[in-house]
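Okay, structure first, notes after.
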Amino acid sequence: MFKKVLFPIDQSRETQEAFDVVIDVVQKYGSRLVLLSVVEEPNTDVPKEDVVMSSPETVAKLLETAKTAFSQQGIQTETIERQGKPAFVICDVADEIEANLI
């Protein structure tokens, strides 16, 4: 049913809460899991300290941590790091990889 699951991650509480749900779905359906994190473009309307996903290093570390956590659950992942506005990038990547579930 869900051959490919795209899991966009950031440092939010919602990402942490979704972790167990993603594990359940991937294991139940034998899905391929793709982790996506987006380096946000600078926005002059928002104070720089409020944009936590603006550093490529932060995003790379987050992806590696998530990949390790899923690996410990026996789930292999593919990781994608992109730059842009998260909502648009998530939709573009979902189309690109033909994700069945976001």
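Read-outs throughout are calculated quantities, based only on the coordinates presented, and are distinct from any laboratory measurement. Everything quoted here is computed from the prediction, not taken from an experiment. FYI the Cβ positions are ideal-geometry reconstructions off the backbone, even for glycines, and counts take in every protein chain you see.
Rounded, prolate or oblate, given the Cα gyration tensor of the stretch 62-102, with a/c below 1.5 counting as rounded? Cα axes put the stretch 62-102 in the oblate bin.
Among 92-100, 59-67, what's the highest-first ranking by average C-beta atoms within 10 angstrom per residue? Intermediate values should be presented prior to the final figure.
Details: 92-100: 14.7, 59-67: 16.6.
Listed from highest to lowest mean packing, they are 59-67, 92-100.
Compute the length gained on full extension between ASP10 and LYS61: take 0.36 nm times their separation in residues and subtract their Cα-Cα distance, giving the result in nm to one decimal.
Computed gain between ASP10 and LYS61 is 17.3 nm.
Using R₀ = 35 Å, calculate the FRET efficiency as 1/(1 + (r/R₀)^6) where r is the Cβ-Cβ separation of GLU41 and VAL21; round to 0.05.
Working: r = 29 Å, r/R0 = 0.82.
Calculated transfer efficiency: 0.75.
Read through the labelled values (1) 21, 17, 15; (2) 24, 15, 11; (3) 48, 12, 7 and report the label of the one computed as semi-axes √(5λ) of the Cα gyration tensor in Å from the structure. Identified label for the calculated read-out: (2). Among ARG32, ARG13, ARG82, which one shows the biggest mean-square fluctuation in a GNM of the chain, springs joining Cα atoms closer than 10 Å? Of the options given, ARG13 has the highest mean-square fluctuation. Rounded to the nearest 500, the 222 nm mean residue ellipticity of the chain from helices alone is -14500 deg cm²/dmol, with -39,500 (n - 2.57) taken per DSSP H run of at least 4 residues.
Would you work out the charge dipole size for the chain about its Cα centre, treating the Cβ of every Lys and Arg as +1 and the Cβ of every Asp and Glu as -1, and quote it to the nearest 20 debye? Working shown, then result.
On the way: 10 positive and 18 negative charges, 89 e Å.
Dipole size: approximately 420 debye.
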